[in-house]
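Structure, as structure tokens:
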Amino acid sequence: MSQDEHLDPGGMPLLLHIGSGASSDAAFCADADTVLLVEPDPQLAQKARVWLSETAQGRVVQAAVADSVGQAALNCVSYAKMSSVRAMTGALDLYPGLQVLRAEQVATVRPRDLLQEYEGEVRKGGCGLIVGAPSEAYLVLSDLHASGLLAGFGYIQIDAGEHPLHEGGASKATCETWARDHNYSVQWGRSAADPNLHVGRLNYDWSAAYQKLTLLKERLEADVREARQAYKSAVEEVSACSDSLEEALTRLKSKELELEDVQETLAAENDALRAELESSKRSFESALASEQQALKLKTEQADQLNDSYLKERKDRESLESELKRLQALIQDEMQKNQKLLNEVEDLREDNRLSLRMQRMAQADLADLQSRFMTLATEKSQLEESLDKISSYMKSEISQRREIGVNPGKAKKKSKRVTSKERPISKSGESSDG
């Protein structure tokens with residue numbers, strides 16, 4: 001089936017074309033009272049406005065359809081029909097030369113929001129719907145059906161790819177499944193403008209809907225039969241309960257008579273109890289007055305005791321204050337005594353140190369005296385040795401002088417001098433002069 005076989009909607013109050021590009025089908029627009037073109041690309045939307053002003057009555061909405069209202073980035077590609085807010089997947093395989101020309105920030109709207117101004121015309125029926133955005137067919141059909149507006153479109157045409165062209169986008173199989181689940185039949189054909197795309201015409205399948213209604217009717221009839229059976233059982237139970245209720249009422253009347261007798265007995269007992277209560281009340285009031293008088297006396301005594309206690313407490317506080325003052329004085333005296341004891345202990349320690357130093361000085365003095373005696377002895381010995389050496393030197397000098405005057409005599413005298421007469425030095429060696 002060619003595309004031209006799809007383009008025969010007849011007269012319609014409204015034509016909604018989603019993904020129209022720069023224009024729509026002139027024949028459709030001529031048969032529609034109002035044309036609503038939806039195109040997200042700003043440049044194509046401007047061209048669509050110019051085209052629509054020269055062709056038909058209506059307006060152009062520059063927005064992309066989505067599942068929520070907001071903003072999204074539109075990827076404008078070299079093949080305008082593949083421009084989308086979704087990322088391209090199968091489109092790159094189907095059209096290898098596709099290139100992203102630019103990115104535009106565009107508004108997003110739900111399909112149902114596009115029809116807010118035209119809801120009255122749509123609900124009357126006979127409107128036309130064209131979904132020229134292949135990846136958005138499932139979204140548009142689902143949203144309009146959920147809002148109850150899809151039933152107002154007597155002519156529905158969608159474009160779809162054999163496989164999803166964009167991420168999360170619809171395919172031919174997805175649209176067929178949705179249509180079958182919602183009582184629509186689809187007639188597919190190839191697009192004359194792009195043989196890679198399928199063009200589908202959706203018609204409401206009344207026979208399928210009738211079958212579903214028939215099945216629903218059978219289910220309801222079965223439910224009604226079950227309800228009637230349940231009602232019959234309930235009536236029987238109510239009848240049995242009615243008999244039981246009559247027996248219960250008879251027993252209740254008997255109990256009511258017994259209750260009246262009990263009430264009369266209780267009334268008599270109540271009167272006797274009330275009289276006894278009045279007597280007890282008077283006795284209690286008399287005893288209470290006596291107790292109050294006694295309590296008043298005890299209260300006065302307690303006040304007196306309290307005054308005495310306060311006075312004693314005040315005296316005790318003054319005594320405690322005086323005791324604290326005396327304790328403070330005693331504490332000061334003890335601190336002073338402790339200070340004196342510490343000073344005495346310091347003096348004792350100083351005295352012990354002085355005695356120790358005195359003993360050390362005496363020991364040092366004794367040692368010095370011993371050394372001095374030793375040095376004195378050595379000095380005496382040294383002086384004695386020096387005297388001997390001096391005498392010897394004088395003797396030698398005299399002899400040498402004599403030798404110089406009388407050499408022959410000197411030789412004779414020199415023979416008489418022996419080693420025993422030579423002076424001995426302190427080191428123990430003989431002195432040869």
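Per-structure values
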| quantity | calculated |
| --- | --- |
| Bins of 5 Å, starting at 0 and running to the largest distance - Cα pair percent for segment 98-183 | 3, 13, 22, 24, 18, 11, 7, 3, 0 |
| Whether the chain is rounded, prolate or oblate, judged on the alpha carbon gyration tensor where a/c under 1.5 counts as rounded | oblate |
| Mean residue ellipticity (222 nm) of the chain, computed from DSSP H runs ≥ 4 via -39,500 (n - 2.57), nearest 500 | -22000 deg cm²/dmol |
| Global form of segment 3-204, assessed from the alpha-carbon gyration tensor, a/c cut-off 1.5 | rounded |
| For Tyr95, Tyr155, order by how many other beta-carbon atoms lie within 10 Å, fewest first | Tyr95, Tyr155 |
| Cα-based shape type of segment 231-377, given that a ≥ b ≥ c are square roots of the gyration tensor eigenvalues and the cut on a/c is 1.5 | oblate |
| Proximal charge balance of Leu277 [Cβ under 13 Å; K/R count +1, D/E count -1] | -2 |
| Length gained when the stretch Val50-Glu322 is fully extended (0.36 nm per residue, less Cα-Cα span) | 86.6 nm |
| Cα-centred dipole magnitude for segment 244-379, charges only on beta-carbon of K, R (+1) and D, E (-1), debye, nearest 20 | 1720 debye |
| Extended-chain gain in nm, criterion 0.36 nm per residue less alpha-carbon gap, Leu355 and Glu384 | 6.2 nm |
| Residue-span extension gain [Lys394 to Leu340] - 0.36 nm each, minus C-alpha spacing | 11.7 nm |
| Size of charge dipole - segment 14-154 - debye, nearest 20, with Cβ of Lys, Arg +1 and Asp, Glu -1, no other charges | 160 debye |
| Point-charge dipole on Cβ atoms (K/R +1, D/E -1) for segment 135-181, about Cα centre, debye to 20 | 140 debye |
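Every read-out reported here was derived from the displayed coordinates using simple, explicitly stated rules and does not represent laboratory data. Quick caveat: nothing in here was measured; it's all calculated off a predicted structure. Positions of Cβ are generated from backbone atoms using ideal geometry, with glycine treated the same way; all protein chains shown enter the neighbour counts.
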